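Readers should treat all values here as calculations from the given coordinates under stated rules, not as data from a laboratory. All figures in this text were calculated on a predicted structure; none of them were measured in a lab. Glycine also receives a Cβ, built like all others from the backbone with ideal geometry; neighbour counts cover every protein chain displayed.
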Amino acid sequence: MSDTSTPEFDAPHTDAALGAEWRTGRRMRQGARQQRGKRSRLRRVLIGTGVSLGVLVMLVSAVVGGGYFYVNHVLSSIHRIPSIAALDAADQPAVPAGFRRSMTVLLTGSADVVAGQHGRGVLGSSTEPQDKSGLIALVHLNANRRGGAVVSIPPNAVVRIPRHGRMPLWEALSIGGPSLLIRTVERLTHVRIDHYSVLDFKGLTGIVGAMHGVFVRVPFAFTSEGHFFHMGINHLGPHNVLAYVRQAQVSEIGRVLLQSNLIRAILRKIARRNMFASPMIDFAVLHAVARALSLDSNFSNTEVEALAIRLGHLDGKDGTFVTAPTINGSPITGDSEPVFLNRRISGLLWRAIRHDAVAAFALRFPFTVTPIAPA
């Protein structure tokens, strides 16, 4: 034992240890190279994916951006009605505190003037007289952006027209155009009118056609302008929609209800199909609506876009369609004879509009809710 030196005794163990260390080091170097290879491949994949995602983002942005500019182009094509002095008058009603973000648009209908053509009447100066409108309604959007109402006022309702005495409401258009009608409605309701719009009923054929029709429920069978409508659910298309709203067998009140129901059906379908929701905008419907409307010149494209989006909420629990009640008149009889508003209940309705509470008013007075069709 004494002849064996310590180095000679340790040599075999040292060689084994060095071999093990070398093998371990080689495995570590190989592992490091593999990790670098994986990272390199991952980097290449990520770079490639990043490029693809970047291209996709740019593509989507281009589509959305292009859609945005195209929507603005379409909205800019809507005819604007100049010089409606009543919309800028200093004596317009004040909006109650807490409801100043609400919006109220006075909507009228035109059967004889096509939007986009210049001339006398609604498409010209506000001082020009205009033919009577069979549709007079307040489209009100609540300040909280979650609902509102379409409140129809019978156009043959006798009201006080400023400086002209008491006469049917639609006479205001015949006498002094949109400005006088706005002043008359504001004095009647104490609701501030923010904007004015005209729906060309001839343009309804284009809107309904672009939407592939809408469904309405008819309470009894009748024939109008050669078109037969059976009792129950009927499909309205571009070929029969005007015959439906012009039905001669009902009174002026009845036609108001028919028109309100059709507008409700159109808005409901637009909302439920998200036809105006980006990026899947239905441009055919948008074009048809743009061609059928005229708006006051203060109505900006941004406001129109916001209005279109918020109109979809009118079909929810916070939205409703009502008609100002009368104390005489019938949907079936009376033709265009003057009617008189129920002053007490109408007064509560006007207050409900001012305070974004028309849905609650409708629950209290369900008979004012616009029915599916005259009954």
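A Förster distance of 35 Å, applied to the separation of the beta-carbon atoms of S174 and R273, puts the FRET efficiency at 0.35. Once you reduce region 80-96 and region 136-198 to the center of their Cα atoms, the two points are 12 Å from each other. Once backbone amide H atoms are built at 1.01 Å from N, I332 has S251 as its partners under 5 Å, excluding neighbours fewer than 5 places away on the same chain.
Classify region 82-368 as rounded, prolate or oblate from the Cα gyration tensor: take a ≥ b ≥ c as the square roots of its eigenvalues, call it rounded if a/c is under 1.5, otherwise prolate when a/b beats b/c and oblate if not. Judged from the Cα gyration tensor, region 82-368 comes out rounded (a/c under 1.5). Using the Cβ-Cβ distance between R101 and I332 with R0 = 56 Å, the FRET efficiency computed as 1/(1 + (r/R0)^6) comes to roughly 0.85.
Extension gain for H230 to N342 (0.36 nm times residue separation, less C-alpha to C-alpha distance): 37.0 nm. Here the extension length gained between Q249 and V369 equals 41.0 nm, from 0.36 nm per residue of separation less the Cα-Cα distance. Taking the Cβ of S330 as the centre, find all other residues whose Cβ is under 13 Å away and add up their charges (Lys, Arg: +1; Asp, Glu: -1). Net of charged neighbours comes to -2.
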